[in-house]
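One structure below.
The values are calculated or read from the model by the stated rules, or taken from the named source; none is laboratory data. Everything numeric here is computed off the predicted structure, so don't read it as measured data. We place every Cβ from the backbone using ideal geometry, glycine too, and count neighbours over all the protein chains shown.
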Amino acid sequence: MINVQNLTKRYGDLTAIEDVTFNVEKGEILAFLGPNGAGKTTTMRILTCFMPATAGTATVAGYDIFENPQDVKKHIGYLPESPPLYTELTVTEYLGFVSKIKGIERKDRAPALTRVLERCALTDVRHRLIGNLSRGYRQRVGLAQALIHNPEVLILDEPTTGLDPKQIIEMRQVIKELAGQHTVILSTHILPEATAICQRVVIIHKGRIVAVDTPDTLSAQLRQSEKVRLTLRTPSPDTADKLKTVAGVVSVFEESSADGQVFMVECELGRDIRTELAAQAVRGHWGLIELTAVRLSLEDVFLHLTREEPKQEESKEEVLKGETS
Amino acid sequence: MRSTLAIMGKELRILFASPIAYVVAAIFVLISGYLFYSIVIYASSQSMQIMRVQGALPQINLNDLVFRPTFHNMAVILMLTLPLITMRLLAEEKKIKTIELLLTSPVPLTAIVMGKYLAALLVFTLMLALTAYMPLLLWYYGSIQWMPILTGYLGIWLLGGVFIAVGLLASSLTENQIIASFISFAAVLLLWLIGWISQAVADTSMGSVLTYLSIGEHTENFIRGMIDTEDLVYLATLIIVGLFVTHRVLESQRWK
């Protein structure tokens, strides 16, 4: 459905994205993951024909983004980072306007409007001015705008930023329901989000793709050690040293929390030392209140892959690209 | 065409949803009305004087005495007020990033530029229509010739069309509305002031070029009651150039 080949975008001397290549199958949800200023928005803007690329090609829904931008635009729904809303219009007026510029035939406009109002749960606020709506509703109007012409491809730039936890869950639910009928690319810097709603993840860092895979595979590949989280209410001063003597332990990190001291115990891959740790804690009367095996989350994968990022350069990229976080 | 109308409709809806269109129209009608009133008072006192001297009802030409200065006043007021209508047209879209919606929708850039231009032109036409009471009043109580008034209105309408095209161009250059309005005001003022310099160097070829470029020179004939093809071509060219450059500016901004 979407085929991206060696896409490169330069702003003067600065390279925003370089050699970005990936494919998205029909009906798939793909997450674009990366720190702010990694090139997520740039890639999306190129795919939506908002700006041209310096080099490389891409096809969306079978149309080339350089040869047939108008056809590509017809088949894409795009929700930019800040939803493009006219605050002076009511929800219905706004969506009516969007349906006209998206080229929906006159007779199909009313049914299309009813459909998106329902799908995005906007029916109750349809006569209100957009300027008077809360952030969550505005985001939903933004999504409705992207959906109104029933596009094959949806490109959502950070669809959940600025929403409260309940709205985030609702938004994710809506996006999940879109899979199958629509092909979705969404960008995010929130990792659990990618794990929660996407089949595949593209990790982009400093304009280059560093990994493309399912969240599970990625975390499996990068697991180098097992971690156990140990919370103790009354540890003794030599607790850390004693924990290190347990067979298989590689390192121990200590930090304090509301419940007591937290010890992150790292041990060799494929070894389960939880029983030994529990026994040790009981023997020392450390007041054991929590003992959990920590799985490597996408977060760790992400940090691992983007570890050696020079901070300075990143912030510079951000400013020049005008990508606001 | 359909997308042009869609953009125009949206633009009108927003112009009338915000107070700006009403405020600008009210100020325009108020100030031009006040000046019209003072001109009429002056004209009537003058005709009284003539009557006293000649002892008979004078045949004064209201077109010359009242409407020529009134049209000149309108031109100056429009120079000050139309930038307020045009300043938000593109600057606002860029500021609140709705330009992303327009540029990622299957509408040609021409439709965006034309839709916005026509919306502002329509508002301006309505503003101008509100001043129709002036000739109607003098027609009812006095005697006027309609043709010079209609050509005068045509001239002012075309002049406003140029101001709007220049304002739209200014609005495409920045995302700050204040700056946009200031640029368009300055540009229009400059077009006007060229005429003053040309008078200083009147006899040289430079002078005739400057005279030709001055916008005031080309509306003068309309106000006098003449439609000259040269003036039509000049004003239409300015409008087309303004719209074309706006189109190019928007296109080039995509590549940055």
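Here's the yes/no breakdown for (1) β-branched (Val, Ile, Thr); (2) closer than 28 Å to A:LEU147 by Cβ; (3) within 14 Å of chain A (Cβ to nearest Cβ):
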residue	(1), (2), (3)
B:VAL76	yes, no, no
B:LEU103	no, yes, yes
B:LYS116	no, yes, yes
B:LEU137	no, no, no
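Evaluating A:ALA58 against the criteria (1) more than 10 Å from chain B (Cβ to nearest Cβ); (2) surrounded by fewer than 20 Cβ atoms within 10 Å (Cβ to Cβ); (3) in contact with a helix residue (DSSP H, G or I) (Cβ under 9 Å, 6 or more places away or on another chain) leaves one unmet condition, (2). Residue pairs whose Cβ atoms lie under 8 Å apart, separated by 6 or more positions or on different chains, with the first residue in segment B:9-31 and away from chain A (no Cβ under 11 Å) and closer than 26 Å to B:ALA111 by Cα and the second small (Gly, Ala, Ser) and surrounded by 20 or more Cβ atoms within 10 Å (Cβ to Cβ), are B:LEU12/B:ALA119.
Every test in (1) modelled with pLDDT under 90; (2) surrounded by 17 or more Cβ atoms within 10 Å (Cβ to Cβ) is passed by B:MET134 save one, and that test is (1).
Taken over segment B:78-98, residues that are more than 7 Å from chain A (Cβ to nearest Cβ), free of Cβ contacts under 8 Å to residues at least 24 places away in the same chain and surrounded by fewer than 22 Cβ atoms within 10 Å (Cβ to Cβ) amount to 1. Selection within segment A:61-94: residues that are more than 9 Å from every other protein chain (Cβ to nearest Cβ), out of contact with any Lys or Arg (no Cβ under 8 Å at 6 or more places or on another chain) and without any contact (Cβ under 8 Å) to a residue 60 or more places away in the chain. The member of this set that is surrounded by the fewest Cβ atoms within 10 Å (Cβ to Cβ) is A:GLU67. The residues of segment A:151-176 that are away from every other protein chain (no Cβ under 12 Å), part of a loop (DSSP other than H, G, I, E, B) and in contact (Cβ under 8 Å) with a residue 40 or more places away in the chain, listed by number, are A:GLU152, A:GLU158, A:PRO159, A:THR161. Residues being of a type in the set (D, E, K, R), buried (at least 20 other Cβ atoms within 10 Å of the Cβ), more than 30 Å from A:GLY39 (Cβ to Cβ) and in contact (Cβ under 8 Å) with a residue 24 or more places away in the chain are entirely absent from segment A:232-244. Taking segment B:195-239 as the range and being of a type in the set (A, V, I, L, M, F, W, C), part of a helix (DSSP H, G or I) and in contact (Cβ under 8 Å) with a residue 60 or more places away in the chain as the test, the residues that pass are B:PHE222, B:ILE223, B:LEU232, B:LEU235, B:ALA236, B:LEU238, B:ILE239. Of the residues making up segment A:95-108, just one is part of a loop (DSSP other than H, G, I, E, B), within 7 Å of chain B (Cβ to nearest Cβ) and surrounded by fewer than 24 Cβ atoms within 10 Å (Cβ to Cβ), namely A:GLY103. Checked against (1) without any contact (Cβ under 8 Å) to a residue 60 or more places away in the chain; (2) polar (S, T, N, Q); (3) more than 18 Å from A:PHE97 (Cβ to Cβ), B:THR104 passes all but a single condition, namely (3).
Would you be able to say whether some residue in segment A:221-233 is under 30 Å from A:THR15 (Cα atoms) and either in contact with a Leu (Cβ under 9 Å, 6 or more places away or on another chain) or of a type in the set (A, V, I, L, M) (or both)? Give the derivation first.
Here is the first cut: in segment A:221-233, the ones under 30 Å from A:THR15 (Cα atoms) are A:221-222.
Filter once more, keeping what is either in contact with a Leu (Cβ under 9 Å, 6 or more places away or on another chain) or of a type in the set (A, V, I, L, M) (or both): A:222.
Looking for residues that are under 30 Å from A:THR15 (Cα atoms) and either in contact with a Leu (Cβ under 9 Å, 6 or more places away or on another chain) or of a type in the set (A, V, I, L, M) (or both), one finds at least one in segment A:221-233, hence yes.
Here B:THR110 meets the list (1) within 14 Å of chain A (Cβ to nearest Cβ); (2) over 28 Å from A:ARG138 (Cβ atoms); (3) buried (at least 17 other Cβ atoms within 10 Å of the Cβ) almost entirely, failing just condition (3). Listed conditions (1) more than 14 Å from the chain's Cα centre (by Cα); (2) under 23 Å from B:LEU35 (Cβ atoms); (3) at pLDDT 95 or above are all met by B:ALA170, apart from (2).
With the condition kept exactly as written, say whether any residue in segment A:14-28 is within 13 Å of another protein chain (Cβ to nearest Cβ), in contact with a Pro (Cβ under 8 Å, 6 or more places away or on another chain) and farther than 30 Å from B:PHE16 by Cβ.
Within segment A:14-28, the first condition is being within 13 Å of another protein chain (Cβ to nearest Cβ), and the residues that meet it are A:14, A:16.
After this cut, where a residue has to be in contact with a Pro (Cβ under 8 Å, 6 or more places away or on another chain) as well, the list is none.
No, the conditions are met nowhere in segment A:14-28.
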